[in-house]
1. When the residues of the stretch B:1-39 are narrowed to those that are of a type in the set (Val, Ile, Thr) and in a loop (DSSP other than H, G, I, E, B), which ends up farthest from A:ARG142 (Cα to Cα)?
2. Checking the structure you have, find out if any residue of the stretch B:166-177 is buried (at least 19 other Cβ atoms within 10 Å of the Cβ), farther than 30 Å from B:LEU25 by Cβ and at pLDDT 90 or above.
3. Search the stretch B:144-170 for residues that are over 25 Å from B:LEU106 (Cβ atoms) and pair each with any residue that is assigned to a helix (DSSP H, G or I) and of a type in the set (D, E, K, R) when their beta-carbon atoms are under 7 Å apart and the residues are at least 6 apart or on different chains.
4. Can B:GLY217 be described as farther than 29 Å from B:GLY87 by Cβ and either at the interface with another protein chain (Cβ under 8 Å from one of its Cβ atoms) or modelled with pLDDT of 90 or more (or both)?
5. Given the conditions (1) modelled with pLDDT of 90 or more; (2) surrounded by fewer than 19 Cβ atoms within 10 Å (Cβ to Cβ); (3) more than 7 Å from every other protein chain (Cβ to nearest Cβ); (4) under 30 Å from B:ALA149 (Cβ atoms), which single one is not true for A:ARG108?
6. Here are the criteria: (1) within 17 Å of B:SER7 (Cβ to Cβ); (2) within 14 Å of chain A (Cβ to nearest Cβ). Tell me which single one B:GLY75 does not satisfy.
7. For the stretch A:116-125, give me the residue count where each residue is at the interface with chain B (Cβ under 8 Å from one of its Cβ atoms) and of a type outside the set (S, T, N, Q).
8. Could you tell me whether any residue of the stretch B:132-154 is farther than 16 Å from A:LEU195 by Cα and among the β-branched types (Val, Ile, Thr)?
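The values are calculated or read from the model by the stated rules, or taken from the named source; none is laboratory data. As the structure is a prediction and not an experimental result, all values here were calculated from the model. Here the Cβ positions follow ideal geometry from the backbone for every residue, glycine too, while neighbour counts run over all protein chains shown.
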Number of protein chains: 2
Amino acid sequence: MRLAELSERSGVSPATIKYYLREQLLPPGELVTTRRAEYGEEHLRRLRLVRALIQIGRMPVATAREVLVALQGEGLDQNSRLGLAMGALPPGAEPDPEPDDPATELARQQVAIMAEELGWNPKELPVAAHRTLVAALATLARLGYPYDAAHLRPYARAAVRIAESDLDLLDEYDTALEKIETAVALTVLYEPVLLSLRRLAQAQESHRRQHGRLRPGNSGEGAV
Amino acid sequence: MRLAELSERSGVSPATIKYYLREQLLPPGELVTTRRAEYGEEHLRRLRLVRALIQIGRMPVATAREVLVALQGEGLDQNSRLGLAMGALPPGAEPDPEPDDPATELARQQVAIMAEELGWNPKELPVAAHRTLVAALATLARLGYPYDAAHLRPYARAAVRIAESDLDLLDEYDTALEKIETAVALTVLYEPVLLSLRRLAQAQESHRRQHGRLRPGNSGEGAV
């Protein structure tokens with residue numbers, strides 16, 4: 001296919017495709033005349049992966065290039081390849097700078113307790129996500145909202161069930177590049193879905209409890 | 001207490017407290033001399049609520065002032081007060097501008113189907129969160145990642161369980177202001193917790209499946 005068709009089928013503009021070619025994120029097409037190159041299905045899959053990393057995942061170009069090179073490494077299994085791409089993804093929520101104060105130390109301990117409870121392998125915890133989690137918990141403590149393992153449990157269990165359904169989705173995709181592209185894109189694109197669903201569910205649950213309380217003879221005590 | 005103690009107990013700097021006083025987000029203290037004011041526990045609770053709305057929730061000052069005035073309205077029940085504060089909270093994820101294209105129309109329909117499945121009251125869906133959800137789903141479709149009600153279900157169920165545990169937490173707080181403050185603060189502060197837990201859980205689940213697949217004689221086909 002020509003560049004115009006590659007653009008149409010990938011949803012990436014011709015100017016951006018040319019930029020990716022110059023940056024060597026995308027291998028050159030096959031020259032059929034001095035001015036015209038042909039692109040194949042492999043280009044399309046690779047382009048969609050580049051789009052997932054950079055446009056959707058907001059990965060810096062230099063990082064994306066490193067990831068793409070690393071993905072070509074021999075002897076990597078599916079999990080390592082996925083881990084490579086996912087681990088390089090900037091966190092959806094910006095972590096605070098992490099001072100080594102007692103709140104951070106406590107957060108690290110609580111995460112370790114939770115990970116053990118869940119049977120998680122400490123070696124398989126992506127560094128960026130782990131750092132974001134520790135920073136977020138330390139912020140909670142510093143602002144005077146204490147938490148413990150019991151507070152984290154419902155969140156962790158929900159995250160596990162969501163991760164299972166995320167991984168199920170990948171089974172629908174055939175090729176290596178498609179699986180990685182989809183994992184990166186859906187991880188990022190479902191983040192606002194999850195956060196807004198939580199807020200909608202909170203409103204419903206608050207409404208439900210208020211009703212539940214009002215029905216059996218409201219003492220007036222239920223109002224905030 | 002004096003302003004210095006109010007600052008220490010709230011974690012809000014004296015300069016910021018003075019700013020809130022000037023902006024009438026906080027009622028003035030009781031003047032004991034011409035140069036010294038005394039503040040009470042009610043000031044502390046109010047200040048913590050203001051901090052939750054503005055510093056944690058990133059609500060614009062003008063919006064926070066409107067919320068604080070509205071919260072003083074007579075005849076509002078707990079659910080309405082909570083809904084007022086939560087509904088004015090800017091979304092954790094910035095929604096895309098929402099063009100009225102087929103992707104948006106489809107997203108609205110899918111959200112309506114999901115809400116009915118969950119028995120949600122359409123009148124109790126906060127506007128901002130609903131808009132963020134519709135925009136996020138429309139983005140998925142526009143980028144060529146189709147979804148349907150079945151894809152949303154695990155996210156929605158997880159959100160419902162999280163919301164139940166969020167609401168349970170509020171029971172630990174006594175006063176009206178404390179409940180609203182805590183609801184706002186924990187909603188925002190647990191967002192990076194939830195997102196990073198999902199990424200950690202994905203890595204664990206990917207690792208688990210890879211192992212599960214490798215054990216019974218790896219055909220080499222499992223690698224991405």
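1. Of the stretch B:1-39, the ones of a type in the set (Val, Ile, Thr) are B:12, B:16-17, B:32-34.
Narrowing further to those that are in a loop (DSSP other than H, G, I, E, B): B:12, B:34.
On the way: B:VAL12: 12, B:THR34: 35 Å.
Selected residue: B:THR34.
2. no
3. Close Cβ pairs satisfying both conditions: B:ILE162/A:ARG198; B:ALA163/A:ARG198; B:ALA163/A:GLU205; B:GLU164/A:GLU205; B:LEU167/A:GLU205; B:LEU167/A:ARG209; B:LEU170/B:LYS179.
4. Numbers: farther than 29 Å from B:GLY87 by Cβ: yes; either at the interface with another protein chain (Cβ under 8 Å from one of its Cβ atoms) or modelled with pLDDT of 90 or more (or both): no.
Here the answer is no, as B:GLY217 does not meet what is asked.
5. Tallying (1) modelled with pLDDT of 90 or more; (2) surrounded by fewer than 19 Cβ atoms within 10 Å (Cβ to Cβ); (3) more than 7 Å from every other protein chain (Cβ to nearest Cβ); (4) under 30 Å from B:ALA149 (Cβ atoms), A:ARG108 fails exactly one: (4).
6. Of everything listed in (1) within 17 Å of B:SER7 (Cβ to Cβ); (2) within 14 Å of chain A (Cβ to nearest Cβ), B:GLY75 misses just condition (1).
7. Applying the first criterion (at the interface with chain B (Cβ under 8 Å from one of its Cβ atoms)) to the stretch A:116-125 yields A:118, A:120-121, A:124-125.
If we keep only those that are of a type outside the set (S, T, N, Q) too, we end up with A:118, A:120, A:124-125.
Residues meeting the conditions: 4.
8. no
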